[in-house]
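Chemist: Questions regarding the structure given below will be posed in turn.
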Amino acid sequence: MDNQRRDALKAGGGLGVFGLLAAAGLIKPEMAFAAWNKDAFDAKTMDAALAAIGAGKPADSADVQITAPDIAENGAVVPVGVVSNIANTEYVAIMIEKNPAMLAASFTIPAGTLADVQTRVKMGQTSDVFAVVKAGGKFYVAKKEVKVTLGGCGG
């Protein structure tokens, strides 16, 4: 059997169905932006970003852990992970204090799912990275400082 041909036919069929649904008006571009929290991503201060996601003043928690390098040699791609050991975690947001836009990423966690997210963020300078977690209707926060070096020789 030619598996490449079979895979190409499957992909083409899927794209054809997608195109048909889009042409019929059943799929619209606005649907992709339904979860977009514009106010949160446009926030320029920590208080504004927290208010935009409805967090107010989150409580500090040792059950929220941030994995990020202490020193990032390339601020364009800084790996950041958040693990929440709080039961019923439903939302995770990653915020960078000194970035032009505070909110770097947000994730909705389905019920029964392990709250462990990983991403790469852009950091213009040394800054605190905050993980904001919503669990059981309450918000919790943890922070970690990440030093960004320029060419590996500054901070």
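Chemist: Can you pull out the residues in region 103-144 that are free of Cβ contacts under 8 Å to residues at least 60 places away in the same chain and not in a loop (DSSP other than H, G, I, E, B)?
Modeler: Matches in region 103-144: ALA104, ALA105, PHE107, ASP116, VAL117, GLN118, THR119, ARG120, VAL121, SER127, ASP128, ALA135.
Chemist: So in region 38-68, with the set limited to residues that are in contact with a strand residue (DSSP E or B) (Cβ under 8 Å, 6 or more places away or on another chain) and of a type in the set (Val, Ile, Thr), which one is surrounded by the fewest Cβ atoms within 10 Å (Cβ to Cβ)?
Modeler: Selected residue: THR67.
Chemist: Further, regarding this structure: Exactly one condition in (1) more than 21 Å from LEU50 (Cα to Cα); (2) in contact with a Lys or Arg (Cβ under 6 Å, 6 or more places away or on another chain); (3) assigned to a strand (DSSP E or B) is not met by ALA76; state its number.
Modeler: (3)
Chemist: Among the residues of region 69-109, which ones are surrounded by fewer than 17 Cβ atoms within 10 Å (Cβ to Cβ) and of a type in the set (Ser, Thr, Tyr)?
Modeler: Passing the criteria: only THR108.
Chemist: Given the residues ALA93, ALA72, ALA55, which is the only one that is farther than 10 Å from VAL133 by Cα and of a type outside the set (Ser, Thr, Tyr)?
Modeler: Step by step, each of ALA93, ALA72, ALA55 is checked, and only ALA72 is farther than 10 Å from VAL133 by Cα and of a type outside the set (Ser, Thr, Tyr).
Condition check ((1) modelled with pLDDT under 90; (2) within 15 Å of the chain's Cα centre (by Cα); (3) of a type in the set (A, V, I, L, M)) across all residues:
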{"site": "GLY16", "(1), (2), (3)": "yes, no, no"}
{"site": "ALA23", "(1), (2), (3)": "yes, no, yes"}
{"site": "LYS28", "(1), (2), (3)": "yes, no, no"}
{"site": "ALA32", "(1), (2), (3)": "yes, no, yes"}
{"site": "ALA35", "(1), (2), (3)": "yes, yes, yes"}
{"site": "ALA40", "(1), (2), (3)": "yes, yes, yes"}
{"site": "THR45", "(1), (2), (3)": "yes, no, no"}
{"site": "GLY75", "(1), (2), (3)": "yes, no, no"}
{"site": "ALA87", "(1), (2), (3)": "no, no, yes"}
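The values are calculated or read from the model by the stated rules, or taken from the named source; none is laboratory data. Keep in mind that this is a model prediction, so the values were computed, not measured. Positions of Cβ are backbone-derived with ideal geometry, glycine not excepted, and every protein chain shown enters the neighbour counts.
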